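Participant: There's a structure below that I have some questions on.
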Amino acid sequence: ENNIYIGGIMEHIEEAGVHSGDSSCSIPPYSLSTEIIEEIEKQSKKIATELNVIGIMNIQFAIQNNNIFVLEVNPRASRTVPFVAKSTGVQIAKLATKVIMGEKLKNIKKLKNFNELNLYSVKEPVFPFKKFQNVDVLRGPEMKSTGEVMGIDNNFENAFFKSQTAAGINLPKKGLVFLSVKDKDKLELLAIGKKLIKLGFKLIGTKGTCEFLNKNNITINKINKISEGSPHVVDLLESKEISLVINTTEGKISTGDSYIMRRNTLLTNTPYYTTIKGAIAAINSIEAQKNLNLQVRSLQSIH
């Protein structure tokens, strides 16, 4: 027990199926229950003991309906180590080196618990999509990001907002939002639609999404797909009338209307979200900015 130190538990924002390097994530977790976190700690300690790892290891868990599954265990450092170190102020790589050299964890002065920080750190990947023609912006199991940034604040929403800004995603506070989501995401879209209207946004969307939201008393206007002729969604993107795009698709659709539309969000610098979880985090963080001025702090002043 004294021989194991949990440097941090991070929660990914996008669901499993998106490569961990392409997924935004938060330390500490922003939506996991205390019971789940405690169970993850317990399982991690058991695995570490059983594998007899000396040094760093990282584990990826997936959680479905409160069941915890182990996806992979790596007895090595990973690219999240510097992120965890910056978030918590504990130099994990240095610590692991000492342990590998034979020092005992219990002899090292009290190590901070990452839960005691009262700060959220959000990692946001940065993608090179703009530099490559014909690349779809969808996130999937293949890693596409070429960098990452982080945002730190007292709550998750503000930290997320800062991470988006750092990645060059300027979230709007008003304007027109384009919605088009796969059937599986429609229920979660209800809360998003309601919140956007409450925040003063206007909504447009494709036929199926419009019919669903209108049926649920959320006002949204239909806009043509490209194949239905002008005025269509790309016309509005090019004239800078759309301030945010939320578009989730089933499977890998790299051709046709939705692909052309996503390429144009990129070319017109329009913020876009291609997963429903990412969209929810974005809308909540826009809401949190309504009557707030974000503060800037240096890492040195935090730790």
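The values are calculated or read from the model by the stated rules, or taken from the named source; none is laboratory data. Note that the structure is predicted; figures quoted are calculated from it, not measured. Positions of Cβ are generated from backbone atoms using ideal geometry, with glycine treated the same way; all protein chains shown enter the neighbour counts. What goes into the accessible areas is simple: the full protein's heavy atoms, side chains included, and nothing from ligands, DNA or RNA. Shrake-Rupley method; radii C 1.70, N 1.55, O 1.52, S 1.80 Å.
Participant: Between Thr219 and Gln64, what is the FRET efficiency for a Förster distance of 45 Å, r being their Cβ-Cβ separation, to the nearest 0.05? Mind showing how you got there, number by number?
Facilitator: Working: r = 34 Å, r/R0 = 0.76.
Here the calculated transfer efficiency is 0.85.
Participant: At 1.4 Å probe radius, can you tell me the per residue accessible area of the range 164-303 in Å²?
Facilitator: Accessible area per residue: 51 Å².
Participant: In debye to the nearest 20, how big a dipole does the range 16-167 give about its Cα centre with +1 on each Lys and Arg Cβ and -1 on each Asp and Glu Cβ? Before the final figure, lay out the partial values.
Facilitator: On the way: 19 positive and 15 negative charges, 148 e Å.
About 720 debye.
Participant: Angle between the Cα long axis of helix 186-198 and the longest principal axis of the chain, 0 to 90 degrees, nearest 10?
Facilitator: 80
Participant: Then there is this: On full extension of the chain, what length is gained from Ala93 through Ala166, given 0.36 nm per residue of separation minus the C-alpha to C-alpha distance? If you can, show how the numbers build up before the last one.
Facilitator: Numbers: separation 73, 0.36 × 73 = 26.28 nm, distance 2.53 nm.
Separation in residues times 0.36 nm, less the Cα-Cα distance, equals 23.8 nm.
Participant: Can you check what the Kirkwood hydrodynamic radius comes to for the range 121-271, Cα pairs only, in Å to one decimal?
Facilitator: Numbers: mean 1/r = 0.0608 Å⁻¹.
Evaluated over the range 121-271, this radius sits at 16.4 Å.
Participant: Let me ask something additional. Given the DSSP H assignment, sum -39500 (n - 2.57) over each helix run of at least 4 residues in the chain and divide by its residue total; what's the result at 222 nm in deg cm²/dmol, nearest 500? Can you show the working numbers first?
Facilitator: Working: 10 runs with 104 residues, N = 303.
Using -39500 (n - 2.57) per qualifying helix, the result is -10000 deg cm²/dmol.
Participant: For Lys45, project a label point 7 Å along Cα to C-beta. Then give me every residue of the range 1-25 with its amide nitrogen under 11 Å of that point.
Facilitator: 1-6
Participant: Here's something else I'd like to know. Go ahead and run the numbers for FRET between Glu72 and Ser230, Cβ-Cβ distance against an R0 of 51 Å, rounding to 0.05.
Facilitator: Values: r = 48 Å, r/R0 = 0.94.
The formula returns an efficiency of 0.60 here.
Participant: Separation between the Gln300 and Asn113 pseudo-spin-labels, each 7 Å from Cα along Cα→Cβ, expressed in nm?
Facilitator: The modelled label-to-label distance comes out at 3.1 nm.
Participant: With an 8 Å Cα cut-off and a minimum separation of 6 or more residues, compute the relative contact order for the range 162-261 in percent. Present the calculation step by step, with values, prior to reporting the outcome.
Facilitator: Values: 122 pairs, mean separation 32.2, N = 100.
Value for the range 162-261: 32 percent.
Participant: Carbon and sulfur: what percent of the range 263-303's accessible surface (1.4 Å probe)? Please report the intermediate quantities before stating the final value.
Facilitator: Numbers: 1030 of 2070 Å².
Of the solvent-accessible surface of the range 263-303, carbon and sulfur hold 50 percent.
Participant: Also: Per 0.36 nm of contour for each residue apart, how much would the distance between Ala16 and Lys104 grow if the chain were fully extended, relative to their Cα-Cα spacing?
Facilitator: On the way: separation 88, 0.36 × 88 = 31.68 nm, distance 3.53 nm.
Full extension from Ala16 to Lys104 adds 28.1 nm.
Participant: Normalised by the residues of the chain, what does the relative contact order come to in percent, with Cα pairs under 8 Å and at least six apart? It would help to have the intermediate numbers written out before the result.
Facilitator: Details: 456 pairs, mean separation 50.1, N = 303.
In percent, rounded to a whole number, it is 17.
Participant: When all C-alpha to C-alpha distances in the range 228-280 are sorted into bins of 5 Å, what percent of pairs does each bin hold, rounded to whole numbers?
Facilitator: For the range 228-280, the pair-distance distribution reads 4, 19, 30, 25, 16, 4, 0.
Participant: First compute the accessible area of the range 1-120 with a 1.4 Å probe, then give the percent of it belonging to carbon and sulfur atoms.
Facilitator: Using a 1.4 Å probe with all protein chains present, the range 1-120 comes out at 49 percent carbon and sulfur.
Participant: A further question follows. If you bin every alpha carbon distance in the chain into 10 Å steps from zero, what whole percent lands in each bin?
Facilitator: 5, 25, 31, 22, 11, 4, 1, 0
Participant: Rounded to the nearest 0.05, what FRET efficiency is calculated for Lys290 and Ser33 with R0 set to 30 Å and r the Cβ-Cβ distance?
Facilitator: Calculated value: 0.60.
Participant: Looking at the chain as a GNM with Cα springs under 10 Å, which of Leu199, Leu171, Leu189 has the largest mean-square fluctuation?
Facilitator: Taking springs between Cα atoms under 10 Å, the residue moving most is Leu199.
Participant: In whole angstrom, how long is each semi-axis of the equivalent ellipsoid of the range 185-303, when you take the square root of 5 times every eigenvalue of its Cα gyration tensor and sort them from largest down? Walk me through the intermediate numbers first.
Facilitator: Values: eigenvalues 158, 68, 41 Å².
Each semi-axis is the square root of five times an eigenvalue, giving 28, 18, 14 Å.
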